[in-house]
Amino acid sequence: MKKSWAKRDPIKNYFPLPNEIYHLGLSHGAIAVYGYLLSIEDRSTYQCYPSYATIGHAVGMSRNTVRKYVAELEERRLIRTEQTTITTADGRKRNGSLLYTILPVQLAIEQFYERQLNAADRERQRQRAAKALEKRGGGVQ
């Protein structure tokens, strides 16, 4: 008996994950959180506003762990977060979920390469200083 598989719609229920994301030195948890945020973002505004608990439930992490990975994604310039407020039925203002804006991956790539170049420059300077100290130490004997 031949199984009939439903055809997959290439757009519906899928989202693109940039290939570059795997070359930025991100932790596995940050990639999972980033993927989840991409999957639920509004494709016209690049924004979403899930709670830490919602993200954690989706990717199998605690709220505190999600918070750590969100901070990593912000630091890497893949996302930006903004605090939101809500007004309760009795008129009080309360903190809402964060508003996440997914930034162009090119910003993160540029920052990544800039950090690599800076690290290489620092290493070169360290090597020059070590050679200079070696020469001074060798000539004093």
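The values are calculated or read from the model by the stated rules, or taken from the named source; none is laboratory data. Since we're looking at a predicted model, the values are computed, not measured. Because the Cβ atoms are built from the backbone with ideal geometry, glycine has one as well, and the counts that use them run over all protein chains shown.
Filter the helices (runs of 4 or more DSSP H) completely within region 31-141 down to those with at least 2 residues that are under 23 Å from Asn13 (Cβ atoms) and out of contact with any Ser or Thr (no Cβ under 8 Å at 6 or more places or on another chain).
By residue number, 52-59.
Is it the case that Arg43 is modelled with pLDDT of 95 or more, basic (Lys, Arg) and more than 15 Å from the chain's Cα centre (by Cα)?
no
Looking for something within 19 Å of Glu110 (Cβ to Cβ) and modelled with pLDDT of 95 or more - is there at least one such residue anywhere in region 53-73?
Among the residues of region 53-73, at least one is within 19 Å of Glu110 (Cβ to Cβ) and modelled with pLDDT of 95 or more, which makes the answer yes.
Take the residues of region 87-141 that are within 17 Å of the chain's Cα centre (by Cα) and β-branched (Val, Ile, Thr): which is nearest to Leu38 (Cα to Cα)?
The qualifying residue nearest to Leu38 (Cα to Cα) is Ile102.
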